[in-house]
Amino acid sequence: VLKWECEINLKGLDFRKDYLPIDQMWTVNLIMGQFASGTSAQPFKTVKDYQNWLQLVNEYLVWLATAKEKMKEGMTLGYVLPKSLIVKIIPQFEAIAKENVTSNLFYSPIKIMPESFSEKDKTALTIAYTNMLQNQIIPDYTDIDLFLKNDYLKKGRASSGIDAIPNGKAFYDYQIKKSTTTNMTADEIHQLGLKVVAQILSEMEKVKNEVGYKGQLKSFFNYVRTKKELMPYTAPQQVIDNFNAINRKMQPQLVKLFDVTPKSKFEVRRTEAFREKSSSIEHNPGSIDGTRPGIFYVPVPDVKSYNTFSDEATFLHEAIPGHHYQISLQQENTELPDFRKTSRYDGYGEGWALYTESLGKELGLYTDPYQYFGMLGLEMHRAIRLVVDTGLHSKGWTREQAIQYSLDNEAESEENVIYEIESYMAGLGQALSYKIGQLKIIELRAKATKELGDKFDIKEFHNQILAPGCIPLALLEEHINNWIAVTKN
């Protein structure tokens, strides 16, 4: 694992990723916004915590100034984001630049100061945070906001794929290997995607017929997207309550498939307002020491249009037994060296999470055909990624082509599809990992079932998949093959 980690990251230094330090999805400025909210991983429990945050902000603003300089340099060399992504970044900076001090995101920690702080400390910290905002955050964010609007946007690319930048094709090949932990080519993945999309469409037809819909499958997608019975909520808390209800329904069945479960606690929360409109449902890991729970974040920007049809599969993937089990058990495994407790390989991690979606019927879920269709929809979503990600970055597809292909083959709303396609444009290759990893785990389960016969134990298979933590798929396959051999003998 260490050898893989060193080699893949050394190879990454061949590419000038530093010229593209900010995007609308994944970058440091967004992480700092989460920390600044006072509800994420950054602690605000002691006076020292508050002082540490001031120092961290100072260092972050050095990073932000450096990012701007790198972007300016990239503009002269052809390393620049597509215009369609730049227009999504601008509001993220504009919101903080324009917000007054006391309602600013970076002022949030002052509003949650512990009562135990002395009046002297409360006063000093309030003054320090006010000064930080007036003299640093707001001016610096205003500077970036103006730079993006007046300079960077004008240089933005009309092209959608990374192959349009210098050395872009080689960079994409590298990203494929890093994300999938395989040696598959872009064309192999594209062709696999087309094949799997066709298979899932066939299964979707069966569900369409089961619910008695008489039209074409493509019109059924729109029917599901807009079906009022699948959009029942009037308050965001109802969305959160539904996910908690799914958890309660599934819990009694987990013992059939798992006998090793994490100690880490788990919560469902609504995504913070500042990033809700540009965020997807996600799992944030708990802390290694167990003091902070794993959090399943759910954005609800418009509750009246929130569709529930994929909620069960989504919970399995992002929460239990998907990412929460996978990441928590990895962090809690005392046999792993420290670097492996936090290592992340998307082929394994996202592959496991997508595999767990297929366990829904075994866990007492998917009794409603629309929820089963939701699972197929999410699986289709990941299969489509194989087609559109490679299409965008290696076959000259436009953003609009990728959006249309998605709308033609899945029931996601147009708004969600646009968000997803733009996320692939920013985080190239990452979207390939889900389906590639899931197919490998399904393949290994089938092999173990066949070779072990009566000796096959699904709980032990899951233990063996999860035991090594997040590792490259080639190493996972080697581990499972060894387990099969030992068990047979």
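The values are calculated or read from the model by the stated rules, or taken from the named source; none is laboratory data. If you're wondering where the values come from, they're calculated on a predicted model, not measured in any experiment. So basically every Cβ, Gly included, is an ideal-geometry build from the backbone, and we count neighbours across all protein chains shown. Ligands, DNA and RNA are excluded from the accessible area calculation, which covers all protein heavy atoms including side chains. Shrake-Rupley method; radii C 1.70, N 1.55, O 1.52, S 1.80 Å.
Figures for the structure shown
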{"quantity": "Residues of the chain: accessible area per residue with a 1.4 Å probe, Å²", "calculated": "44 Å²"}
{"quantity": "Segments 75-86, 114-125, 58-69 sorted - mean Cβ within 10 Å per residue, highest first", "calculated": "75-86, 58-69, 114-125"}
{"quantity": "Nearby aspartates and glutamates by direct alpha-carbon distance to LYS149 (threshold 14 angstrom, same-chain neighbours under 8 apart not counted)", "calculated": "GLU94"}
{"quantity": "Environment charge at PHE93 (Cβ cut-off 14 Å; Lys +1, Arg +1, Asp -1, Glu -1)", "calculated": "-2"}
{"quantity": "Cut-off under 5 Å, modelled amide H: who pairs with ARG157 long-range", "calculated": "LEU81, LYS83"}
{"quantity": "Heavy atoms of LYS155 accessible to a 1.4 Å probe, total area in Å² rounded to 10", "calculated": "120 Å²"}
{"quantity": "Solvent exposure, largest accessible area first (probe 1.4 Å, DNA, RNA and ligands not counted), of CYS470, CYS6", "calculated": "CYS6, CYS470"}
{"quantity": "For region 147-162, 3J(HN,Hα) per residue [Karplus equation, 6.51 cos²θ - 1.76 cosθ + 1.60, θ = phi - 60°, Hz, x = Gly/Pro]", "calculated": "4, 5, 6, 8, 10, 5, 4, 5, 8, x, 6, 7, 6, 9, x, 6"}
{"quantity": "Rough spin-label spacing in nm, given labels placed 7 Å along Cα→Cβ, for ASN131 and THR46", "calculated": "2.3 nm"}
{"quantity": "Sequence of PHE456, PHE461 from largest to smallest accessible area, 1.4 Å probe", "calculated": "PHE456, PHE461"}
{"quantity": "Over 23 Å (Cα to Cα) - which of LYS177/LYS455; LYS178/LYS277; LYS395/LYS435 fall in this group", "calculated": "LYS177/LYS455; LYS178/LYS277"}
{"quantity": "Note, ³J(HN,Hα) from phi for region 121-137, Karplus 6.51, -1.76, 1.60, rounded to Hz, x at Gly and Pro", "calculated": "5, 4, 5, 4, 5, 4, 5, 5, 6, 5, 4, 4, 6, 5, 9, 10, 4"}
{"quantity": "Within region 159-189: backbone nitrogen closer than 17 Å to the GLU5 label point (7 Å, Cα to C-beta)", "calculated": "178-179, 181"}
{"quantity": "28 Å Cα-Cα threshold exceeded, pairs from LYS249/LYS488; LYS214/LYS447; LYS265/LYS361", "calculated": "LYS249/LYS488; LYS214/LYS447"}
{"quantity": "Added length on full extension, which subtracts the Cα-Cα distance from 0.36 nm per residue, TYR213 to ASP187", "calculated": "5.8 nm"}
{"quantity": "Rounded, prolate or oblate (a/c below 1.5 giving rounded, otherwise prolate when a/b exceeds b/c) for region 329-425 by Cα gyration tensor", "calculated": "oblate"}
{"quantity": "In region 28-143, lysine pairs with alpha-carbon atoms under 18 angstrom apart (chain gap of 8 or more, or interchain)", "calculated": "13"}
{"quantity": "nm² value of the averaged projected area, convex hull over the Cα atoms of region 1-148", "calculated": "10.7 nm²"}
{"quantity": "The chain, accessible surface, carbon-and-sulfur percent (1.4 angstrom probe)", "calculated": "53 percent"}
{"quantity": "Interchain or long-range residues, amide H under 5 Å from VAL268's placed H", "calculated": "PHE296"}
{"quantity": "Separation between Cα centres of region 170-204 and region 95-138, rounded to whole Å", "calculated": "47 Å"}
